[in-house]
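Notes follow once the structure below has been shown.
The values are calculated or read from the model by the stated rules, or taken from the named source; none is laboratory data. Note that the structure is predicted; figures quoted are calculated from it, not measured. For neighbour counting, all protein chains shown are included, and Cβ atoms are generated from backbone atoms with ideal geometry for every residue, glycine included.
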Amino acid sequence: MASAAAHLSFSLPFPPFSSPGHRPVTAFPYPTTQSQNQSRVSLRTRALGPDFLGDFGARDPFPAEIASGFAEKVLGNVDTEHKILIPNASALSLAKQDCSPISPLQPPLSVDEAKALMKKVVGWRLLDEEGGLKLQCLWKLRDFKSGVELINRIYKVTEATDHFPSLHLEGPNQVRAELWTASIGGLSMNDFIVAAKIDEIKTSDLAPRKRIWA
């Protein structure tokens, strides 16, 4: 089958670039093949130099664009009302919230409500005792002195909330904290707020030292 070489010359649909460092695209002839009485011409192009499309960076507007007042169409109206939405209590983390007074007539949190709030505290367990639901957290510390220091840190954090946990220094190096609202016989939102504040206390310097074996 005979093959022929086709030479095409064409002009680009845009004027040549005058910026330095740009050279036009050159078309090279490529052999063609005929199949089913149809001729197909394939072109192989090669860009000489940098990308002929140029830099897509920002530019200053032209005088004609400024005169057209296009900025007024894209920046919005001068009387546009902008609202700053302040997050409500449910959107804030528990540690950022404040405790509120609890009425003795207020019902305690249900088991389902307490389980949903357990996802927002770290290291606490939910206890279901005869007296109602409670939160409990245990810390294994370096020594007795570290246990006393942790209790002091917890007291400083919870002093401003006026809602204190029950703290116990057990054995030589363990501290146990329990939270519940005695006036309603169970858990309230205040218990989870205080638990979240306690979670933010630094305890890494009180943890037992790791043994390094030679």
**Study point:** Candidate set: segment 134-150, residues that are surrounded by fewer than 17 Cβ atoms within 10 Å (Cβ to Cβ) and of a type outside the set (D, E, K, R); chosen: the one nearest to MET118 (Cα to Cα)
**Key:** LEU138
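Does segment 135-194 hold any residues that are of a type in the set (Lys, Arg) and either within 19 Å of TRP124 (Cα to Cα) or not in a loop (DSSP other than H, G, I, E, B) (or both), and which are they? Quick ask: steps written out before the conclusion?
Taking segment 135-194 as the starting set, the residues that turn out to be of a type in the set (Lys, Arg) are 140, 142, 145, 153, 156, 176.
Of everything in segment 135-194, those that are of a type in the set (Lys, Arg) and either within 19 Å of TRP124 (Cα to Cα) or not in a loop (DSSP other than H, G, I, E, B) (or both) turn out to be LYS140, LYS145, ARG153, LYS156, ARG176.
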Check your understanding: Scanning segment 105-121 for residues that are under 19 Å from ILE193 (Cβ atoms) and more than 31 Å from the chain's Cα centre (by Cα), which turns out surrounded by the most Cβ atoms within 10 Å (Cβ to Cβ)?
Key -> PRO108
Review point. Name the pairs whose Cβ atoms lie under 8 Å apart, with the first residue in segment 143-161 and closer than 13 Å to GLN174 by Cβ and in contact (Cβ under 8 Å) with a residue 24 or more places away in the chain, the second of a type in the set (Val, Ile, Thr) and surrounded by 13 or more Cβ atoms within 10 Å (Cβ to Cβ), and 6 or more positions between them or separate chains?
Key: GLY147/VAL175; LEU150/VAL175; LEU150/ILE201; LEU150/THR203; ILE151/VAL175
Review point. Considering only residues of segment 195-214 that are in a loop (DSSP other than H, G, I, E, B) and β-branched (Val, Ile, Thr), which is surrounded by the most Cβ atoms within 10 Å (Cβ to Cβ)?
Key: THR203
Exercise for review: Note down all Cβ pairs under 8 Å where the first residue falls in segment 96-119 and is assigned by TED's automatic domain parsing to the domain that holds GLY186, the second is at pLDDT below 95 and among the charged types (D, E, K, R), and they're at least six residues apart or on different chains.
Suggested key: CYS99/ASP162; VAL111/ASP128
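Right, LEU150: closer than 20 Å to GLU200 by Cβ and aliphatic (A, V, I, L, M) or not? Show your work before the answer.
Working: closer than 20 Å to GLU200 by Cβ: yes; aliphatic (A, V, I, L, M): yes.
So LEU150 fits the description; yes.
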Practice item. Specify which of the listed residues (TRP180, TRP124) is more than 28 Å from the chain's Cα centre (by Cα) and surrounded by 17 or more Cβ atoms within 10 Å (Cβ to Cβ). Key: TRP180
